[in-house]
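Data first, discussion second: the structure below is written as structure tokens.
The values are calculated or read from the model by the stated rules, or taken from the named source; none is laboratory data. Quick caveat: nothing in here was measured; it's all calculated off a predicted structure. Note: ideal-geometry Cβ built from the backbone for every residue, glycine included; neighbour counts use all protein chains shown. Only protein heavy atoms, including side chains, enter the accessible area calculation; ligands, DNA and RNA are left aside. Shrake-Rupley method; radii C 1.70, N 1.55, O 1.52, S 1.80 Å.
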Amino acid sequence: NVKDYEGIIDATKTSIKAKQLAAQLIPRFFKFFPNLSSRALNAHFDLIEEEDLAVRVQAIRGLPLFCKDTKEYISKIVDILGQLLTAEEIVERDAVHKALMSVLRQDVKESLTALFKHIWNVEDPSQDDTIRDKVLCFIRDKVFPLKAELLRPQEEMERHITDLIKKSLGDVTGAEFRMFMDFLKSLSIFGEKAPPERLKELIGIIEGQADLDAQFDVSDADHIDRLISCLFMAIPFFVRGASGSKFLNYINKHIIPVFDKV
């Protein structure tokens, strides 16, 4: 009954109890009223910004239901949940975590893509560094430990998250880079039986972070620290038979001459 659903939507403008009930019912019956989808979503999103904590939490808990039978909303819902990771109330933040995990299990590929957009849009003036940091922490603490469960089919999804990580490395701290590299090394596609071209791919990622195109300057402590850190990170892959001609060329061209002068 369209009028009944419209009444549920209108309830988002009334009492606290009615808003809580609307937060439960709007997503539950959302799929049956495609002509009211925009109105229903906007009303539900308003509930997420309510002053009352109970209303906000109930609205957050309902977000995964929008995606259950209408997959086209996954990206939008994940984007909103990513922004909500900055919530200060523990119960609210816990609801966001559970909602995100629920959507991830519905469609991990689409969800991860939407989540990583909060990391790689570093040049976007509207991008909030706090949101980016919270998303990084969520991926590190909630997604990475469950890679065996979430990344299915394994090879396809490991390749997908590798591509997402590579796209995210344009502006990362040393700690963030090490976190990503530790995760990549744990993937089966880069495991002990990985072919040489896979190891070469990891070497290429490390070489890119080392900024080997920059002129070597002994007075630039930051660059030297990054270079040494990346070199030590790459050594295990050299031991496994990977080639790193760019690293070797850089050492021969810039570093060895410095020691020769000494």
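Contact annotation: residue pairs with Cβ atoms under 8 Å, 6 or more positions apart or on different chains, pairing a residue in the stretch 152-167 that is assigned to a helix (DSSP H, G or I) with a partner that is open to solvent by 70 Å² or more (accessible area, probe 1.4 Å) and basic (K, R), are M157/K109; H160/K109.
Inspection of the stretch 165-188 finds a residue satisfying the criterion of being over 23 Å from D133 (Cβ atoms) and surrounded by 16 or more Cβ atoms within 10 Å (Cβ to Cβ).
If we keep just the residues of the stretch 21-65 that are touching a residue at least 40 places away in the same chain (Cβ under 8 Å) and either more than 12 Å from I8 (Cβ to Cβ) or in contact with a strand residue (DSSP E or B) (Cβ under 6 Å, 6 or more places away or on another chain) (or both), which is surrounded by the most Cβ atoms within 10 Å (Cβ to Cβ)?
Checking each candidate, the answer is L63.
If only residues of the stretch 216-227 that are assigned to a helix (DSSP H, G or I) and not aliphatic (A, V, I, L, M) are counted, the one that is most open to solvent (accessible area, probe 1.4 Å) is D222.
Every listed requirement among (1) under 20 Å from L169 (Cα atoms); (2) open to solvent by 30 Å² or more (accessible area, probe 1.4 Å); (3) part of a helix (DSSP H, G or I) is met by D213 save one, (3). Can you name the residue in the stretch 228-251 that is modelled with pLDDT under 75 and open to solvent by 50 Å² or more (accessible area, probe 1.4 Å) and, of all such residues, is nearest to D217 (Cα to Cα)? So, considering only residues that are modelled with pLDDT under 75 and open to solvent by 50 Å² or more (accessible area, probe 1.4 Å), the one nearest to D217 (Cα to Cα) is L248.
Note on the stretch 66-88: among residues that are over 26 Å from K17 (Cα atoms) and more than 17 Å from the chain's Cα centre (by Cα), the one that is most open to solvent (accessible area, probe 1.4 Å) is E72. Screening I139 on (1) free of Cβ contacts under 8 Å to residues at least 24 places away in the same chain; (2) under 24 Å from S188 (Cβ atoms) shows it passes everything except condition (1). If the condition is being open to solvent by less than 10 Å² (accessible area, probe 1.4 Å) and modelled with pLDDT of 90 or more, then the stretch 200-210 contributes L202, I203, I206.
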